[in-house]
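Report on one structure; see the data block that follows.
All of the numbers you see were taken from the coordinates with simple rules; none came from a lab. If you're wondering where the values come from, they're calculated on a predicted model, not measured in any experiment. Cβ: placed from backbone, ideal geometry, glycine included. Neighbour counts: every protein chain shown.
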Amino acid sequence: MYFIYHYEKLLLALIFFLGIWKSCASSRIPGQLSMLERHEQWITQHGRIYKDAKEKDTRFKIFKDNVGRIEAFNSGTNEGYKLSVNKFTDITNEEFRTSHNGYKRQYPKLMSKSGQKFFRHANVTALPTAMDWRKKGAVTPVKDQGDCGCCWAFSAVAAMEGINQLKTTKLVSLSEQELVDCDVRGEDQGCYGGLMDTAFQFIMHNKGLTTETNYPYTGSDSTCNTKKAATPAAKITGYEDVPANNEKALLQAVAHQPVSVAIDAGGFEFQFYSSGVFTGACGTSLDHGVTAVGYGTTSDGTKYWLVKNSWGAKWGENGYIRMKRDVAVREGLCGIAMDASYPTA
Ligand SMILES: *[C@@H]1O[C@H](CO)[C@@H](O)[C@H](O)[C@H]1NC(C)=O
């Protein structure tokens, strides 16, 4: 009797223990998920479809490698910014560079450049200590260029949306697709890259740009819808280049309006940037067009440029990146001061 009683207790204890063990095993926190499980979750989250098991395996290996490098970076020396797993985690850095940038720098730079020496803000000394054009209502929500290398169109359009709002007080989202489809002269090749300055030239020649709603973004090259392109919603009178390799001149320009800038965004750290003030690593091989929409200083005294990207609102700080300002090299971090320009209205 005594023995049976004891045996039952033991059995109950065993069942209880197994129950706990089982529930722990099935509800592990994300940090303890296996890499395969993390990839599965990521696939679901991003709606990724692989054509077969072979491709899935290839993508898993890339995912695993990227996650490893992201985690190593975040637990390493504090660089002032963090990386995170994002929608680019199953592609290599090489694939990323060819599909998500698209700024074609001209060597030597002429033709597309205005050739102007005049810089209207050259003598402006009284500048605000910080600027955020979003707070002034001059910046549309972050857009997503997708797998099309037409950053140049997004950069030019964001700068134009800014000057148009400053002139008319109305914030109108304008059409990148019109540039992708219709501005197909010279350097501007839709998803295969282009330049902001030649986009501004096209917009002047075309007597404006229509709205995003009228000519929505498709993310691929199509033939120009001339009817839609003939109904402009905003105009520019010209564009000017910011004196090159001079962050002070860039500051004078950004204090007055959102400015198109070209940067070297091809690095692994840029691909997975998530928050903080980006300090590199990057070079000056300009491959990406973005828009400087402000500047400021963090509470610990780090000066930064506020940059609007076109990789959706889930990349970086809600689609933005803060990049270190006033660095030791004249070109600016990632070459941000090399090829800046702005439209005039
Ligand atoms: C800036 O000042 C210089 C010297 O006074 C003058 O020559 C130049 O035209 C001024 N630039 C602008 C844009 O006003």
Excluding residue 177 itself, what net charge comes from residues whose Cβ is under 10 Å from its Cβ, given Lys and Arg +1 and Asp and Glu -1? -4
Positive minus negative residues near residue 287 (Lys, Arg vs Asp, Glu; Cβ under 9 Å): +2
Relative contact order in percent for segment 270-345 (Cα pairs under 8 Å, 6+ apart) equals 33
Could you go through segment 216-225 in sequence order and give the Karplus-derived ³J(HN,Hα) for each residue, using 6.51 cos²θ - 1.76 cosθ + 1.60 with θ = phi - 60°, rounded to whole Hz, and x for Gly and Pro? x, 6, 10, x, 8, 6, 9, 6, 5, 8
Using DSSP to call loops (not H, G, I, E or B), can you name the chymotrypsin sites (Phe, Trp or Tyr not before Pro) in segment 289-318 whose Cβ has at most 12 other Cβ atoms within 10 angstrom? none
Cα axis of helix 2-26 to longest principal axis of the chain: angle in degrees, 0 to 90, nearest 10? 10
Compute the helix-to-body angle for 35-46: its Cα long axis versus the longest principal axis of the chain, expressed 0 to 90° and rounded to tens. 50
Under a 5 Å amide H to amide H cut-off, with H placed in plane at 1.01 Å, what residues pair with residue 278 once short-range neighbours are removed? 322, 323, 324
Mean separation of Cα contacts under 8 Å, 6 or more apart, over the residue count of segment 189-245: relative contact order %: 46
At q = 0.07, 0.08, 0.14 Å⁻¹, work out log10 I(q)/I(0) for the chain with the Debye formula, treating every Cα as an identical point scatterer and leaving solvent out; two decimals please. -0.35, -0.44, -1.11
Given the Cα-Cα distance of residue 48 and residue 98 and 0.36 nm per residue of separation, how much length would full extension add, in nm? 16.1 nm
Partner aspartates and glutamates whose C-alpha sits under 13 Å from that of residue 207, ignoring same-chain residues fewer than 8 away, are 178, 183
Tell me the angle of helix 151-168 to the major Cα principal axis of the chain, expressed in degrees between 0 and 90 and rounded to the nearest ten. 60
Would you please state which residues of segment 197-215 a label at residue 171 would reach in this model, taking the label point 7 Å out along Cα→Cβ and a backbone N cut-off of under 12 Å? none
Positive end of the charge dipole of the chain (Lys, Arg +1 and Asp, Glu -1 on Cβ, about the Cα centre): tell me which of 257, 231, 333 has its Cα farthest that way. 257
Amide proton proximity set for residue 234, modelled H, under 5 Å, gap of 5+: 209
Loop trypsin sites (Lys or Arg not before Pro), segment 124-207, which have at most 14 other Cβ atoms in a 10 Å radius of their Cβ (DSSP): 135, 170, 185, 207
